[in-house]
Each structure stands twice: as structure tokens, then as C-alpha cells.
Amino acid sequence: MHGQGNLELFLIFLVAAVLAVPLFRRLGLGAVLGYLVAGVAVGPHGFRFVRDATSTLAFSELGVVLLLFVIGLELSPARLWVMRRPVFMVGGLQVLLSALLLGSATALLGMGWKADVVIGLGLALSSTAVGLQLLAERKELTSGFGRVAFAILLFQDLVAIPLLALIPLLGEAKAAAQAAPPLDAVLKALGMIALLVLGGRLLMRHLFRAVAWTRMPEVFTATSLLVVVGSAWLMQLGGLSMGLGAFLAGVVLADSEFRHELEAQIDPFKGLLLGLFFIAVGMSIDVHRVLSEPVLIAQGVLGLLLVKGLVLVGLGLWPGRLSWRESLKLGAVLALGGEFAFVVFAEALRAGLIDQVLRDRLVAVVGLSMAATPLLVLAVSRWLEGKPEPRPERNADPIDHENPRVIIAGFGRMGQIVGRILRAQGVPFTALEHSVEQVELSRRFGTLIYFGDPTRADLLRAAHADRAEVFVLTTDDPESTVRTARLLRRQYPHLKVFARARNRQHAYKLMDLGVEVIRETFHSSLQMGQQVLEALGLPPEVAADRRERFRQHDERMLREQYLFYDDEAALVASSQQALRDLEKLFEADQDTQADAVAARDVRATDTPPREPGTR
């Protein structure tokens, strides 16, 4: 019966995740909010499919542990040392200022300074799991504010341990007996850190080499999990955070040859357990408490987000050295409460610093702040998108090249290669580029290019487009390419225009204007296809023939489909027929080659055998 209950519990979690997460991703709200809402729905305060949120939350913390291990793999010790300033300065100031402001606000409740300190510090911590997951979903972990956010979260993980040690000392029962953490506990914690770092450097690589030698993937997976869970257990034994242990283990292995394999092995478990963690957090939100005191809880959530958000924006500007836009994003992603607050407030209740009602309110505030953060991040991003960052105005450069044979608009990847070929041939050309950064970079490398927007008629006149023979359009933006081609056709019909096309639809629009189209990845893809065929054993001349036949077939199909490219049904039918024609063409070639080989073998067999003793 016990096994059946576990199976039902597992089934409930899977159904909740599979239903909620795709729906919320479809709505653009992110996976984290989907997991949280699913947790509220199935938890003890929702439909009561699951009645025990505490044990689920405790087990699912392994997801946070695995997440920190994977992050540690991305940070070598040298890189971690470089981050010491944002970790200790920005992170330290964030915890200190947020705790002071939030603790001062709770002082109005008259519970005493000890409770104010614990509540202020507990609310000052942010959710590592939610923050990092949101940054990863939006691919902003390596951005400027993403690095600062990670540094702050890392410091919070470090400071959380002394906070747990402080709570019993502030409690009424133990405050008189002790005024400082015992020395043996501090030495034990430091000893465990040294054991993990030094022992890990000496033993872990040898362990993974021995396991890799067995060539058994399941053993390597088990060893990876053993290292992560063992490191977390070792830190917990020393009175420290499990996540800190996993993070240090990841840092120790960051420079090893097994880094990428470890990340690949851990990632599926990390994703599943993180999802379970978010569901467990949602289950811990007391919906009945929120409904019975909606105004008070809403004020608590708004106050928490506002106070921490303002502190984070200020620290992002200084000393974080971020722009105001990135500082605003930093405040949005880390203003929430953290999962560690659940542990802190439970310990504070046990120590007699707060009562059960206040603990439930605080847990509801923290949980709802986690649920509100994905919406807050989305709102801030949408608002910033509507207010694009103003670029410094710059007039087009004066162009002193009066007789260019070729004009290249867009001096990026493709434009640079065309320019180098022309320069090697001694052909004079003028290069135009709309990106200030690209202009400055190219000029540092000795290439004279001019800043300006090729869609402007005055720039084309200044570039002496009337005297050029060829115009090469390699700009990144497809719409800009079409506008420039239209302008060239109208004002300079004598020019032969070659244009970079991003895809077939873009190519069709340019063909409408009588432009010679070069698809940007077509020829490099053909070359790669030929090399793949050779790697599979085809003779080089056969692979080259296949490549040439495919090129002719595809270019013919491009011209044919151009006649009805705005008819999707006709395009689909034409593409399917073209694929069948191509397969038949290749099959016919294979039959011809097989006949040739067979004929050669027959001729070799029909050769009269030599008489014995003859040469």
C-alpha cells in the first residue's frame, strides 16, 4: 500500500507539471509560474491531492543542489576569484541594507529586536532556484546583470548558514546561555570545506577516470550523482548548506576533462527535481490564510518586492556598475523572497521568536512573491522593449572615395569576405555599415569603412552609387535589405545588385526587384553535405557530383516556385514533388554506378586464365 501511495504521488506531480507548464509557456508566463500554480492546485490548500508539503519540499531541495553543482561546473576557481568583489561587496550590501529596511518595517509590530533581526534577514534572501531558472530561461545568465545576480545569490548562500546558527542564540531559551557560536562548530565547518576542496582535487578526477574506463554510462551517471549528493551531505554534516557543498564540488571539477559529460548526466535530474521543488513551494502557500487576510498579505508582498527591488536597483547602479536598464532587470529578478526563508521562519518558530500565525503569514508572503516574480520580470522586459535604449546620434561619415567600382552595404561576416576578395584582386570598393561598433572594430584592424544607413538616398549619393558598377547588399536586417534594393532599382537602374538572402521568402522578395540573390548559408551547407558524404565512404568525385546535382535541382526549384511563392498550398505540393524527383535522380545515379561496377567485375572474370608456367 505504501508503494502504491508513492506511485500515486509521483503520478500527481507528473500530471500537474505536464498540464500546467506547457500552458504557461504558451501564454508567455514561463515554466516557474506554471510549476508554482500546479503546486497550489494539487497541494493541501488546493484540491488536496497531496496533503504533506513539508516532506516533498525537503526532498525536492535536491533540485537546487543539482542546479548549484551545474553552475559550479561553469566557474573555474580563477573565475570565482575574479568575482570576489561583486560577491562580497554587492552581495553583502544587498543583504545588510535589505535586512535593515525590512527589519525596521516589522519593528512596528512590536515583537522585539530579536524577531525583527531574524525576519529582516530571512526576507533579505532571494530564491536561488527561481532567480537562476528565470535567467536561464531568458538566456541572461551571462549578461552583466545576470553575473551580478549570481554573485548576490552566492553570497546569500554563504550568509544563510551563520543566520541559522544565530536563531537559537536569539531564542528566549538559549540567549542567556550562549552569546556566540561555539568554536568547535566553526572549526568543523571550515574543516569540511577544506576536506571537500582538497580531497576533491586529489580524488575526484581519478575516480571519474576509473569509472570512464569501464565504458558503462549508467555507472558514470551513478558516480556523478554520488559526488553531488556526497558533497552536499558532507557540508550538511559540518552544519553548512547542502547547496554550498554541491557548488564547491562543481568548482573543483570545472577545469577537468569530465566537465561537459558531468553536466550532460546531471541536467535531466536537475530539471525534474527543480520542477518538483517549485511544485512543493506552491503547495506550501496557505491559500486559506491568503483569502482570510488578502489586504495584509498583498501589502506584505508588495512591500517586500518594493523594498528589495529599490535596494537592488541602487546597488546595480553602484557598486554593480550596471546601466539603469540592467539594474531594473536585476531588481525584478531578485526582489522575491527565498526558499531558505521557509527554513529560517520554521527555526524562529521553534526558538519562540515568532508565533504560528506570523510564520504562516511570512511563508505566504514569500511564496506569493515567488509566484509574482515571473510576471514582474515579464512586465519589466516588455516595458523596456517599448523604450529602446537611445543610441548616440552620429551623422554619416564623409566619403572621399569618388570612383568605387563596387559598393558593399553591410560589412559583417559576408561583407568582409567579399571585401577581402576584392582587395586581393585590386578592385576599389566603398564599404558602408550602420553599426557604430562594427565601424570602430573594422577601422582598428585597418579597414576603411564608412558609417551610414544604406536605406537613405543621400548616403547613396555621397557614396557615388551613380559611378559604381556593382552593389553588394549584405546587411543583417531582411527588411532593410529589401528597402535598399527597392531604392537602388528606382534611382540607379544601371547597377548590378547582389543581395544576401536569409531564407527563401526573403529571396523571393528580392527577386521581385530583379536582384541577384545569394542565400547566406546555401553554399556552405552544400560544402558540408559533400564532406559528410565523403565521411560516409562515397568517393570524392561521387560526393562532388551529388552536391552539384543538388545545387542545380534546388536553384531550378527556387526559380519555379518564385512564380507562386505567395500560394502556400502550391509551395507545399511543389516541395514534396521536388523531393521525390531528387530521390529518383539519385537512385538512377546509384543504379548506373552499380551497373558500371558489375560490368567491370564481369570483364575481370571473363579474362582467360593464364596457362601454367606462363607469365
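Annotations for the structure displayed:
- All other residues whose Cβ lies under 11 angstrom from that of Gly243 are scored, Lys and Arg at +1 and Asp and Glu at -1, for a net of -3.
- Looking at the chain, the accessible area is 53 square angstrom per residue; that uses a 1.4 Å probe and ignores ligands, DNA and RNA.
- Helical contribution to [θ] at 222 nm, DSSP H n ≥ 4, -39,500 (n - 2.57), averaged over the chain, rounded to 500: -23500 deg cm²/dmol
- 5 angstrom amide H check on Val497, placed H, neighbours 5+ away: Phe471, Glu516
- Cross-link table Lys188/Lys308; Lys139/Lys329; Lys114/Lys270, entries beyond 25 Å C-alpha to C-alpha: Lys188/Lys308; Lys114/Lys270
- Here the Karplus relation 6.51 cos²θ - 1.76 cosθ + 1.60, evaluated at θ = phi - 60°, turns the backbone of region 28-41 into coupling constants of x, 9, x, 6, 4, 5, x, 4, 4, 5, 4, x, 4, 5 Hz, with x for every Gly and Pro.
- Karplus (6.51, -1.76, 1.60) ³J(HN,Hα), θ = phi - 60°, over region 288-304, in Hz, Gly and Pro reported as x: 5, 5, 5, 5, 7, 9, x, 5, 4, 5, 4, 4, x, 5, 5, x, 4
- Estimated dipole of the chain in Debye, rounded to 20 [Cβ of Lys and Arg +1, of Asp and Glu -1, Cα centre]: 1060 debye
- Three-way shape call for region 1-147 based on the alpha-carbon gyration tensor, with the a/c threshold at 1.5: oblate
- In the list [x] 1.30; [y] 0.98; [z] 1.11, the label attached to Cα Rg over 2.2 N^0.38 Å as derived from the coordinates here is [x].
- Cross-link partners for Lys496 among the lysines, with Cα-Cα distance under 25 Å and sequence neighbours closer than 8 places in the same chain left out: Lys509.
- Radius 11 Å from Cβ of Val313, net charge of other residues (Lys, Arg +1; Asp, Glu -1): +2
- Sum of side-chain charges, Ser381 neighbourhood, beta-carbon under 9 Å (Lys, Arg +1; Asp, Glu -1): +2
- Amide H partners (placed H, <5 Å) of Leu322, local residues excluded: Leu317
- Between region 459-499 and region 319-378, the alpha-carbon center distance in angstrom: 55 Å
- Bridge type composition, the chain - antiparallel percent by DSSP, nearest 5: 0 percent
- Protein accessible area in region 35-168, 1.4 Å probe - carbon and sulfur %: 71 percent
The values are calculated or read from the model by the stated rules, or taken from the named source; none is laboratory data. This is a predicted model, so every value here is computed, not measured. Using ideal geometry, Cβ is built from the backbone for each residue, glycine included, and neighbour counts are taken over all protein chains shown. Just so you know, the surface numbers come from the protein's heavy atoms only, side chains and all, with ligands and any DNA or RNA stripped out. Shrake-Rupley method; radii C 1.70, N 1.55, O 1.52, S 1.80 Å.
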